[in-house]
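Encoded as structure tokens, the structure appears first; notes follow it.
Each reported figure results from applying straightforward, stated rules to the coordinates on display, with no laboratory input. Note that this is a predicted model, so its numbers are computed, not measured. Glycine gets a Cβ as well: all are built from the backbone with ideal geometry, and neighbour counts include every protein chain shown.
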């Protein structure tokens, strides 16, 4: 990380903590440096930033969030911040090319990084998360040694609702649950429903 | 002894006060440490009591250090410190009061315009405006911003919540540093004693009320709101607060009878304000204002510690200004 990115990340961490507290609640598992896929509900573009801030320093450097390419590369600044500071993986949601959208995620997992995934694909605005897309299932099948950790991100949509530019200070937290295991022979649909329930269960815990 | 004290300069007197307070804190912390070393974990109630004592001591250390830093670095820095406290308290309050998208602009106004302006008014000693800026101007401006957001659902309720948050967290807390800047004749450099007087009598009143209720439990007056509040214990707490205030009159610009009256006003406002804040918490279904009221560590929020002060500071400030004409 170059000096500008380092300064930016310190500034962002300070700002996020002052605004939201960025509290991490490790309820189902400790923060541990093993290869993991964190999967969480998605209500705001700031979800990615909050997850990044909630992780402890040692895990932050080995964990790469997934960022929507169309949104996070819109301006040079957004692109710089996602690549240089968050070390994000871009996912193309528009599907113009034939390339498998999971390809960049697979590359990252193969090189030993942990990733942060939002399996709903898009931001929801309902109380409950939408149905999960199959990407999580495919990755779980392909990388059985990677630990799957559900997470619930609380309140972020209140900090900066859609269409607003100035964030409002409101306490946010990320609750991490007990790891999930893909059972041998478990079907795609039932696994995804189970994963979604594991995320929802953390909301009231 | 008293001639020795009188010969000290005001800043030496305040310094001495801090030495005494920190000395007491060190003694209390050592006692708690010894008690925790002897605690074998068999008696659960004892362990629980120790835990409460420790968290109370931690708060006291933090509060005293903040006060000391504020005093040592001058009134402007002290006011800024209180502005930060107000910011965090309002953040806790808003977190636990559900807001809608339509409240966003009003919230931005509350945090980034109202709060800085109020504390700036305090720093620049515009006390008349400090008193009316929020209850008059802000209370009429916030609903306008909310109405422009075009969302009539639960409009009155949402605005009331926001206005109460601003009133308690910003208005209340801003009157503590305002006491530091009040210009009493023949009292310059000693205003820190006034803040100490307010905090000390209010906390003493609250503590005595709590202990009285534990010693002689009675039927709570408003059991849905508070299991510990009842009029007899309350009276004992208020009376003790007023008595302690009278003993401390030498520190203040008041005569003994005036000091008792001021202490009584502060204690009544503080303890009843604490009860009101309890009602707000029960309404939200939480036990404390921590991070979402369900913090795993068991630590409570900042607002739990300062709520009595939020209510007593403006009333104390106003009574002092009105009665003494300063």
Under a point spin-label approximation (7 Å from Cα along Cα-to-Cβ), what is the residue B:65-residue A:111 distance to one decimal in nm? 4.2
Please figure out what share of the DSSP beta bridges in the protein assembly as shown is antiparallel and state it in percent, rounded to the nearest 5. 20
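Which value in deg cm²/dmol, rounded to the nearest 500, describes the helix-derived mean residue ellipticity at 222 nm for chain B, given -39,500 (n - 2.57) per DSSP H run of n ≥ 4 and division by the residue count?
One gets -23500 deg cm²/dmol as the mean residue ellipticity at 222 nm.
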Along Cα→Cβ, 7 Å out, is where each label goes; now give me the distance between the ones at residue B:77 and residue A:77 in nm to one decimal. 3.3
Shielding by partners for B:108-114, please: the mean number of other protein chain Cβ atoms within 10 Å of each residue's Cβ. 3
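Determine, for each peptide in B:209-218, B:262-271, the mean count of other beta carbons within 10 angstrom over its residues, then list the peptides with the highest first.
Details: B:209-218: 14.8, B:262-271: 25.0.
Going from most to least packed, we get B:262-271, B:209-218.
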Remind me, relative contact order of chain A in percent, using alpha carbon pairs under 8 angstrom and six or more residues apart? 31
Report the Cα-based extents of the range B:174-326 along its three principal axes, largest first, to the nearest Å. 49, 33, 24
Looking at the calculated P(r) for chain B, what percent of the C-alpha pair distances fall above 24 Å? 59
Antiparallel DSSP beta bridges within chain A, as percent of all bridges there, nearest 5: 20
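Taking Cα atoms of the range A:9-90, Rg/Rh with Kirkwood Rh, to two decimals?
0.94
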Label point at residue B:6 placed 7 Å out along Cα→Cβ; residues across the range B:170-200 whose backbone nitrogen lies under 18 Å: B:186-188, B:190
Can you give the FRET efficiency for residue B:235 and residue A:34, using 1/(1 + (r/R0)^6), R0 = 56 Å, r = Cβ-Cβ distance, to the nearest 0.05? 0.40
Distance in nm between pseudo-label sites at residue A:92 and residue B:222 (7 Å out along the Cβ direction from Cα): 6.3
Relative contact order of the range A:29-90, pairs being alpha-carbon contacts under 8 Å that are 6 or more residues apart, as %: 32
Taking the Cβ-Cβ separation of residue A:27 and residue B:188 as r and a Förster radius of 51 Å, what is the calculated FRET efficiency to the nearest 0.05? 0.40
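Given just the C-alpha atoms of the protein assembly as shown, how large is their convex hull per residue in cubic angstrom?
Hull volume over Cα atoms, normalised by residue count, gives 198 Å³.
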tail above 23 Å in the computed P(r) of the range A:3-201, as % of all Cα-Cα pairs, reads 41
May I ask you to derive the FRET efficiency for residue B:16 and residue A:193 from their Cβ-Cβ distance with R0 = 60 Å, giving the value to the nearest 0.05? 0.30
With a 10 Å cut-off between alpha carbons and a GNM built on chain A, which of A:71, A:137, A:38 moves the most? A:71
Relative contact order of the range B:1-155, pairs being alpha-carbon contacts under 8 Å that are 6 or more residues apart, as %: 18
Three-way shape label, the range B:25-179, alpha-carbon gyration tensor, a/c 1.5: oblate
